[in-house]
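The values are calculated or read from the model by the stated rules, or taken from the named source; none is laboratory data. Given the structure is predicted, the values throughout are model-derived calculations rather than measurements. Using ideal geometry, Cβ is built from the backbone for each residue, glycine included, and neighbour counts are taken over all protein chains shown. Note: accessible area is taken over every heavy atom of the protein model, side chains too, but ligands, DNA and RNA are not part of it. Shrake-Rupley method; radii C 1.70, N 1.55, O 1.52, S 1.80 Å.
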Amino acid sequence: MLMNIGYFCNTTNWTKKPYTQILDEARDIAIYCDKNGWDSIWFTEHHFNHEGMESCANPLMIGTDIAARTSKIRIGQAANIITFHNPLRLAEDIATLDQLSKGRVEVGIGRGVYGREAIHMNIEADLKDQSKNKRLFEETLTIMKKAWTEKFFSHQGEFYTYPAPDFIWQHDMSPPSEDFMDLKTNKLKKISVVPQPYQKPHPSIWQVVDSTGSIEWAAKNGINCIMWIPTVKTLKKRFEIYKNAKSEAEKKDVPIGEGISLVRDMFVAETMEDAEKLAGKHMINYMKWVCHWRGLGNHMNPGEELPQTKGKLDLLNYDFLHKRNMLFGTPDYVIGKIKELQSELNLQNLLVWSSMPGVKHEDAMRSIKLFNNEVIPKIKTVKTKFKQTR
């Protein structure tokens, strides 16, 4: 079995480079990965981040640029924050990219994690009301799927109604049809989105997930998952939750690991010391940004209790993170950690990134090339026997 390898291109600008340079560096990574047979590249969506931790506001627009410069690599979003967008416009934009790339799109979706973004992008998506945000997420996705799979469709929900009630359509060059209108009143009954995706019925959908509820919901609704931070032991529980829910929904035994991508922070260097020196402090800075809201819970093993500290992030240092979830070190070290993921999780899809905020582009590219040349050949074909648990 082949393991899929992708690059998680979370563009950052901690050192305040010109934005054109950020784009050029993302292109460098994408073109290199495409030429060297990587399976996918994924761009993020974040807004108002003047600090520079996350600098990509539109993964679809950047994906369109990348599609024009590459030929094989699949282009994903990790993720489109669909609660921020009009569902019809987002469905059109994704379908357009899928057409432009001739079917190379992987659709990533999420609900959002930063309140500063949500409240200003869509008042209905305010993260202070998690229940409402979740309902908006589910309704938005429902509309997008309808737009992609039905020639003409309608929708009436809590947030959106399509077509608009009592809208009259009459045009000499638009032949009347009961497929989309009431022939007596000329009121629209359905609408149609153009284009629909190149891939049928639509591209694969991946949801960024953390909670048990989100994992189960994705599995039951035929959606793949993207996970990131947890330790192997915690991931194993989450993988099993997804497997069990997916098996129940599909009424068959789904192998563990199927339908899940794992993001891992990666920096390969000639020595363990060089990996820490070139990227360690930058990874810690980024994780401090993330853990300001999340705390350290996602980094803990099942049943683990961390010692009490004055500040909630006092334990967050290189040694704390490295042993838990980082692929930082020599090629042999990183190979060993990935083989552990294969053995314990039957991991089939791995996304890595080296371009953390503050890491020099030339250092990130050196790490990517070392990973490509010395790690991928050893882990691309999964030979490690998966450890079944009963």
Quiz item: Calculated from DSSP H runs of 4 or more alone, at -39500 (n - 2.57) each and per residue, what is the 222 nm mean residue ellipticity of the chain, nearest 500?
Solution: -12000 deg cm²/dmol
Quiz item: When DSSP assigns beta bridges and you keep just the ones with both residues in region 75-201, what percent turn out antiparallel, to the nearest 5?
Solution: 60
Practice problem: Using Cα positions and a limit of under 28 Å, work out the lysines in reach of LYS17, with same-chain residues fewer than 8 apart set aside. | Solution: LYS35, LYS277, LYS281, LYS288, LYS360, LYS369
Quiz item: Which value, in Å to one decimal place, does the Kirkwood hydrodynamic radius take for region 275-321 when every pair of different Cα atoms is included?
Solution: 11.5
Quiz item: For region 7-61, what is the convex hull volume of its Cα atoms per residue in Å³?
Solution: 73
Quiz item: What net charge do the residues around ARG135 carry, taking every other residue with its C-beta under 13 Å from that of ARG135, with Lys and Arg at +1 and Asp and Glu at -1?
Solution: -3
Exercise. Return the inverse of the average 1/r over all pairs of distinct C-alpha atoms in region 226-296, which is the Kirkwood hydrodynamic radius, in Å to one decimal.
Key: 14.6
Exercise. Compute the FRET efficiency between GLU362 and GLU178 as 1/(1 + (r/R0)^6), taking r as their Cβ-Cβ distance and R0 = 56 Å, and round to the nearest 0.05.
Key: 0.35
Quiz item: Taking N as the number of residues in region 258-350, what is its alpha-carbon radius of gyration divided by 2.2 N^0.38 Å?
Solution: 1.15
Self-check item: Accessible solvent surface per residue of the chain, calculated while the other protein chains remain in place, 1.4 angstrom probe, Å²
Solution: 47
Quiz item: Counting only protein heavy atoms, what percent of the accessible surface of the chain is carbon or sulfur at a 1.4 Å probe?
Solution: 51
Quiz item: Over all Cα pairs of region 211-266, how is the pair count split among 5 Å bins, expressed in % and running from 0 up to the last occupied bin?
Solution: 4, 21, 35, 23, 11, 5, 1, 0
Quiz item: Around ASP179, with a cut-off of 13 angstrom between Cβ atoms, what is the net charge of the other residues, counting Lys and Arg +1 and Asp and Glu -1?
Solution: 0
Self-check item: Distant-in-sequence amide H partners of ASP265 (H built 1.01 Å from N, under 5 Å)
Solution: LEU327
Practice problem: Please compute P(r) over all alpha-carbon pairs of region 1-98, binned at 10 Å starting from zero, and give each bin as a whole-number percent. | Solution: 15, 47, 32, 6, 0
Quiz prompt | ³J(HN,Hα) computed for each position of region 288-298 - Karplus, 6.51 cos²θ - 1.76 cosθ + 1.60, integer Hz, glycine/proline x | solution = 5, 4, 5, 7, 3, 8, 7, x, 9, x, 5
Quiz item: When all C-alpha to C-alpha distances in the chain are sorted into bins of 20 Å, what percent of pairs does each bin hold, rounded to whole numbers?
Solution: 26, 57, 15, 2
Quiz item: What is the calculated FRET efficiency for GLU304 to ASP332, with r their C-beta to C-beta distance and R₀ = 22 Å, to the nearest 0.05?
Solution: 0.20
Exercise. Mind putting a number on the dipole of the chain about its Cα centre? Charges go on the C-beta only, +1 for Lys and Arg and -1 for Asp and Glu, and I need it in Debye to the nearest 20.
Key: 880
Exercise. Distance from a point 7 Å along Cα→Cβ of ALA164 to each backbone N in region 183-205: keep the residues under 13 Å and list them by number.
Key: 188
Quiz item: Where does helix 59-69 land angle-wise versus the long Cα axis of the chain, in degrees 0 to 90, nearest 10?
Solution: 80
Self-check item: Around HIS46: net Lys/Arg minus Asp/Glu count, Cβ-Cβ under 9 Å
Solution: -3
Quiz item: Can you pull the percent of Cα pairs in region 101-257 with separation above 18 Å?
Solution: 69
Quiz prompt | Convex hull volume per residue in cubic angstrom - Cα atoms of region 146-232 | solution = 141
Exercise. Scale the Cα Rg of region 52-145 by the rule-of-thumb value 2.2 N^0.38 Å and send over the ratio, two decimals.
Key: 1.12
Practice problem: Of the options ILE168, PRO197, MET121, report the single residue whose Cα projects farthest towards the positive end of the charge dipole of region 102-217 (beta-carbon charges: Lys, Arg +1; Asp, Glu -1). | Solution: PRO197
Practice problem: Using a 1.4 Å probe and counting only protein heavy atoms, arrange TYR333, TYR160 so the residue with the most accessible area comes first. | Solution: TYR333, TYR160
Practice problem: Could you tell me how many degrees, from 0 to 90 and to the nearest 10, lie between the Cα long axis of helix 361-370 and the main elongation axis, the longest principal axis, of the Cα atoms of the chain? | Solution: 80
Exercise. Using the Karplus curve 6.51 cos²θ - 1.76 cosθ + 1.60 with θ = phi - 60°, work out ³J(HN,Hα) for each residue of region 148-156 in order, rounded to whole Hz, and write x for Gly and Pro.
Key: 7, 10, 10, 4, 10, 8, 9, 7, 9
Practice problem: With both partners inside the chain, how many of the DSSP beta bridges are antiparallel, as a percent to the nearest 5? | Solution: 15
Quiz item: Stretch LYS369-GLU270 to full length: gain in nm at 0.36 nm per residue minus the Cα-Cα span?
Solution: 34.5 nm
